[in-house]
Structure formats: C-alpha cells, structure tokens
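What follows is a single structure, written as structure tokens, with notes after it.
The values are calculated or read from the model by the stated rules, or taken from the named source; none is laboratory data. These figures come from a predicted structure and were not determined experimentally. Don't worry about glycine lacking a Cβ; one is built from the backbone with ideal geometry, like all the others, and counts go over all protein chains shown. Areas reflect the complete protein model, heavy atoms only, side chains present, ligands, DNA and RNA absent. Shrake-Rupley method; radii C 1.70, N 1.55, O 1.52, S 1.80 Å.
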Amino acid sequence: MATVGKVITCKAAVAWEPGKPLCIEEVEVAPPKAHEVRIKVVATGVCHTDWEYLFETGKGMKFRPFPLVLGHEAAGIVESTGPEVTRFSPGDKVIPLFLPYCGECERCLSPKTNHCKKNWTNMQAGILADGTSRISCKGQQVYQFLGVSSFSQYTVVPDTSVAKIRSDAPLDKVCLLGCGVSTGYGAAINAGKVEKDSSCAVFGLGAVGLAAVMGCKVAMARRIIGVDINPDKFEKARQFGATDCINPRDYSKPIQEVVVEKTGGGVDYALECVGSPAIMNAAFESTRDAWGTCVIAGWTETEVMSISVEKLLMGRTLKGTYFGGWKSVKDVPKLVDDYMNHKLKLDEFITEKLPLVQINKAFDLLKSGKSIRTVVSLQDS
Ligand code: NAD
Ligand code: ZN
Ligand code: ZN
C-alpha cells in the first residue's frame, strides 16, 4: 500500500484544552513502531467517558495531558503493522481496545481478572511504549487517549490492545463492543454473575445500563428494575428486558428504599451505570442482605463513596468492573460472533449516525439524554 512506512495526513477531532469543544484538524499519524498497528478507523462510538475526560477533567476525573485525541469505542481496518507484529496483517478488521491483553502476564493467565497492565502507565499518560504519541498537529505532539484515540481517521495502537474480528462484521455496529456494550453486558454476566430467576436493579439506562439490562435478561433474571432520572430512557429499557422502570424524582424518599420496598427486602443484584458515588451507595443499599451483590460500572476517579459497614457485614458484596470483566483481545471477537449470531443486540443502541465533522453534536446528544449511542463515521466527509 502507498501509505506503508509513511506519515499519513488525515482528519481528527482534537481536544486542545479541557472544557472546550473538539476541533476538526489535519493531523499527522506516524508509522507504527515495534509491536504497534496502524488502523484506519471506520466507525467510533461516543462514550460518556470521552465526555467526562473533556468536561470533568480535574473534577471526577484525573487530569490527562492535552492536546488530546479522545475516542476509545471503535472499529477499523489494519493499514500497516510495525516490526515484530505477528498477529495482524493489512486489511484485517479490528477493534482497538483501551484495556490490553498480553496473554502472558500473571493477570492474563489468571481467570480471576482482566486487568492486564501491559503498557499501562504509558497509555494512561497518553503515550505509547517509546514515551511518545504517534499523532501530531501543527508541529505539536497530540496525546493518545488510553492508547486508542479513535476520533482520528488513523491511529496507532499497541498490538496487545487490538482484537482481530471476523471479516463479515459490520464495523459501524461492532464498534460498540470496544467499550459501552461490552462493559454493561459483562457487568451483569461476569462481574455480577446474575442468576436465573433473580431480581436485579440497573441504575442509569444509557448504553452501559441498557447493556447491563441485556445481560440480566440473557442470564434469565426474573425481575429487572431500570432506574433513571430521564423517563425517555424507559421505553428502550423495556425493549431490552426491564420489567419495571422507576424515576427517583417521582418519589420523596431515597430510591434505595423504593427498590427495597418493591422487592420485599432488596434485589439480588444491583448494577450502577451512572458514575456517581451517591448512586453507587443507593445501588448498594438496594441489595438484599445475606447475599445481595452490587456491581459498580459507572466511572469516577477522584471521588470516594461511603457505605454502611453494617450493610456490608450483613452479607452483601460490593465490586467494581473494568470493561465488564472481559479479557479484551481474547473475548471481544467472541462477542462479535454473538452479535452476528443474534445472541447480542447492538443495532438497538445506535440512535444517531454522524460524520466526524459533527462530533461535538454527538456530545450534545449524549449529555442532553437524547441519544444512547451516536456512531461517528470517520471516513465520510
Ligand atoms: P450515558 O450518559 O449514556 O448514561 C448515563 C445514564 O445515567 C443516563 O441515562 C442518565 O439519565 C442517567 N442518570 C444520571 N443521573 C442519574 C441519577 N441520579 N439516577 C439515575 N440515573 C441517572 O453514559 P454511558 O455511556 O452509558 O456510561 C455510563 C457510565 O459508565 C459512565 O460513568 C461511564 O464513564 C462509565 N463507563 C465505565 C466503564 C468501565 O469500564 N467500568 C466503561 C464505559 C463506561
Ligand atoms: Zn467508554
Ligand atoms: Zn497481560
């Protein structure tokens, strides 16, 4: 291919500073170095976490270096590979991942966790293994977001953070498996281990929450209570399997008391998919004593939650999940298969499709609660 080994000039949405809208810029994307893959990004979802790092940085989020190219829920095609890359070839369909899977470390070899730490420190700092980013703009280094940066027509990702997927997978759908859907679905299936005939409550009915509802349904939960302050989310939640939908603003008492009353003592599983310590506490207190499990999927980095020790002592379990417990590179291709075999919904999460130039609109739609997921096409102008 004509671009192999060369710098590619393309369009990207650059976050120059926190709190400001993204700017569509011409960027230079350097060729991949050892153990790196350069990907032509075809489609990317816009996740709440992208928004949070732009608009909540220094608040709920730790500070990340700017300028930055956000985006971490994507699918694309391998354009070229760097030295020592053995598992990928140009033309392969792939999903880049913010969570690595090296397949060799103690954590990758353990069934207990998906927290592979390969390149971790660098990726959190917005750089790749050699301490630099592959993206630059106007002569300035642009940091990469969690090693991915999918709000760019091309990006370079470590080969331990890329899942190769089947060639017939529609990239504008399976991109959602790069974050939100996998996270919520896995929060129910892997972290919660939701059981048949159980009762569940899902707090927050965005993409992560709806995917958690889907996981509870697949696990054959008997009752699935959806909780959201935006009643516009209820119709879709019912389509995904919620049996009841409740709005905390309709009640004068705390929502956990409402859930406990409705279920005669609390739910077996509560899944927090909002990212707020107060709601995490409400989710925890919604669980039944003796065996209730609360899974935190919502994201915050600098805030703390306080919980009643007594409620914990009474046999409840509190756990968190990163990327739904999936071992990223290994498990995402199987989730793609599940979608292709109609075992997993994806199309139903997509409420808008926009070209890259309208990416700020995708943030507006997410924050105003008008969208579940907007899929941004990188290659359309
Ligand atoms: P979203 O904005 O689409 O959905 C959030 C939902 O929460 C909205 O429907 C909103 O109306 C609802 N909500 C807000 N305040 C509420 C309240 N007080 N009570 C009940 N509902 C309330 O976001 P999303 O993309 O689905 O992401 C959800 C969370 O999951 C975010 O915090 C995100 O950062 C996090 N996340 C975590 C991981 C992980 O690996 N753990 C991965 C992806 C996203
Ligand atoms: Zn995300
Ligand atoms: Zn590993």
Testing GLY147 on (1) touching a residue at least 60 places away in the same chain (Cβ under 8 Å); (2) in a loop (DSSP other than H, G, I, E, B); (3) crowded, with 24+ Cβ neighbours inside 10 Å, one condition comes back false. Which one is that? (1)
Filter the stretch 259-284 down to the residues that are touching a helix residue (DSSP H, G or I) at 6+ places or on another chain (Cβ under 9 Å) and of a type in the set (A, V, I, L, M) and list them by number. VAL259, VAL260, VAL267, ALA270, LEU271, VAL274, ILE279, ALA282, ALA283
Please go through the stretch 39-61 and pick out each residue that is over 27 Å from ILE8 (Cβ atoms) and away from ligand 1 (no atom under 13 Å from the Cβ). GLY58
Taking the stretch 44-67 only, how many residues are more than 23 Å from LYS353 (Cβ to Cβ) and either assigned to a strand (DSSP E or B) or outside the structural domain of ILE350 (by the TED database) (or both)? 2
Looking only at the stretch 100-108, decide whether some residue is within 16 Å of ligand 2 (Cβ to nearest atom) and assigned by the TED database to the domain that holds PRO31. yes
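Can you pull out every residue in the stretch 178-190 that is in contact with a strand residue (DSSP E or B) (Cβ under 9 Å, 6 or more places away or on another chain), assigned to a helix (DSSP H, G or I) and within 16 Å of ligand 2 (Cβ to nearest atom)? Step through it out loud before you land on a result.
Within the stretch 178-190, the subset in contact with a strand residue (DSSP E or B) (Cβ under 9 Å, 6 or more places away or on another chain) is 178-181, 184, 187-188.
Still in the list and also assigned to a helix (DSSP H, G or I): 178, 180-181, 184, 187-188.
Of everything in the stretch 178-190, those that are in contact with a strand residue (DSSP E or B) (Cβ under 9 Å, 6 or more places away or on another chain), assigned to a helix (DSSP H, G or I) and within 16 Å of ligand 2 (Cβ to nearest atom) turn out to be GLY178, GLY180, VAL181, GLY184, ALA187.
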Would you be able to say whether some residue in the stretch 258-266 is at negative phi, surrounded by fewer than 15 Cβ atoms within 10 Å (Cβ to Cβ) and more than 16 Å from ligand 2 (Cβ to nearest atom)? yes
Yes or no: the stretch 286-308 includes at least one residue that is at negative phi, surrounded by fewer than 21 Cβ atoms within 10 Å (Cβ to Cβ) and not in a loop (DSSP other than H, G, I, E, B). no
Count, please, the residues in the stretch 167-186 that happen to be open to solvent by less than 10 Å² (accessible area, probe 1.4 Å), more than 13 Å from GLY206 (Cβ to Cβ) and of a type in the set (A, V, I, L, M). 3
Checked THR113, THR132, THR121 against criteria (within 14 Å of ligand 1 (Cβ to nearest atom) and on the phi < 0 side of the Ramachandran plot); the one match is THR113
Is there any pair linking a residue in the stretch 100-120 that is more than 16 Å from HIS35 (Cα to Cα) to one that is part of a loop (DSSP other than H, G, I, E, B) and more than 7 Å from ligand 3 (Cβ to nearest atom), with Cβ under 6 Å and at least six apart or on different chains, and which? ARG107/THR113; ARG107/HIS115; ASN114/TRP326; ASN114/LYS327
Across (1) in contact (Cβ under 8 Å) with a residue 12 or more places away in the chain; (2) in a helix (DSSP H, G or I); (3) more than 14 Å from ligand 1 (Cβ to nearest atom), MET280 clears everything bar (3)
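Table: residues versus (1) within 28 Å of LEU22 (Cβ to Cβ); (2) not assigned by the TED database to the domain that holds ARG107.
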site	(1), (2)
GLU285	no, yes
GLY292	no, yes
MET340	no, no
LYS345	no, no
GLN358	yes, no
ALA362	yes, no
With the requirement that a residue be out of contact with any Leu (no Cβ under 8 Å at 6 or more places or on another chain) and at pLDDT below 95, what does the stretch 119-128 give you? TRP120, THR121, ALA125
Test VAL41 against the criterion of being more than 16 Å from ligand 3 (Cβ to nearest atom) and outside any strand (DSSP E or B), and give yes or no. no
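Any idea which residue in the stretch 156-175 is nearest to CYS116 (Cα to Cα), counting only those that are assigned to a helix (DSSP H, G or I) and either of a type in the set (Lys, Arg) or touching a helix residue (DSSP H, G or I) at 6+ places or on another chain (Cβ under 6 Å) (or both)?
Residue satisfying both the conditions and the ranking: VAL174.
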Single residue of LYS138, LYS112, LYS118 found to be in contact with a Cys (Cβ under 9 Å, 6 or more places away or on another chain), basic (Lys, Arg) and open to solvent by 40 Å² or more (accessible area, probe 1.4 Å): LYS118
